[in-house]
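The values are calculated or read from the model by the stated rules, or taken from the named source; none is laboratory data. Everything numeric in this text was worked out from a predicted model, so none of it was measured. A quick note on method: Cβ atoms are made from the backbone with ideal geometry, for glycine too, and the neighbour counts reach across all protein chains shown.
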Amino acid sequence: MDFLRIYMNDQLALGVLWREVARRSERQNRGSEYGEAIARVASGIAEDVATFERIMERLGLLKSTVKPVLATVAERVGRAKLNGRLRGYSPLSRFEELDFLAMGIEGKKILWATLRDVAGLAERLPDVDFDALIARAEAQRAELEPFRARAGREAFRPG
């Protein structure tokens, strides 16, 4: 159980990081087509983090107080990265956020499958529909992909 607790706390911290990036990206893109899609995905990511926390509670796993805070700090520090503009949001900022979110969603699919199959939680928590959680991640990824690709083309087009 110690290894499961450590693993789940690490994954919770990553979920918090992706949730915060999604919220920031949603704010930066509010009022645009990007913003609408990101808002839907950000809501789903927040739901997934809450689901994950409930799973930890049901398993009796203590949540780290430090790791989620460090993840939030990492997200804030990530805002200071160079994005090709001295101030403000750039097309590269948008693409990097969407690319990072896509990576997180792919990782979340792996996480749900790991918990279901490798950690054996499907047997311990038969009412948790891991297949539905994986399908939700796939839907989030599918919704985000056209916007991620478009943001990349906008960021990298010549001129």
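Observations on the structure shown:
- Cβ-Cβ under 6 Å pairs, at least 6 apart or on other chains, the range 111-140 side within 25 Å of I6 (Cβ to Cβ), far side among the polar types (S, T, N, Q): L111/Q11
- Candidate set from the range 118-135 (those that are charged (D, E, K, R) and within 20 Å of the chain's Cα centre (by Cα)); member that is surrounded by the fewest Cβ atoms within 10 Å (Cβ to Cβ): D131
- Residues in the range 1-42 that are of a type in the set (G, A, S), within 30 Å of D117 (Cβ to Cβ) and surrounded by 22 or more Cβ atoms within 10 Å (Cβ to Cβ): G15, A22, A42.
- G88 satisfies every condition listed in (1) at positive phi; (2) within 14 Å of the chain's Cα centre (by Cα) except (2).
- Only residues that are in contact (Cβ under 8 Å) with a residue 40 or more places away in the chain and either closer than 17 Å to E143 by Cβ or touching a Leu at 6+ places or on another chain (Cβ under 8 Å) (or both) were counted across the range 1-41, and they come to 18.
Conditions tested, residue by residue: (1) more than 21 Å from Y34 (Cα to Cα); (2) buried (at least 18 other Cβ atoms within 10 Å of the Cβ); (3) modelled with pLDDT of 95 or more; (4) under 15 Å from the mean Cα position of the chain (by Cα).
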site	(1), (2), (3), (4)
A50	yes, no, yes, yes
R58	yes, no, yes, no
P68	yes, yes, no, yes
E96	no, yes, no, yes
A102	no, yes, yes, yes
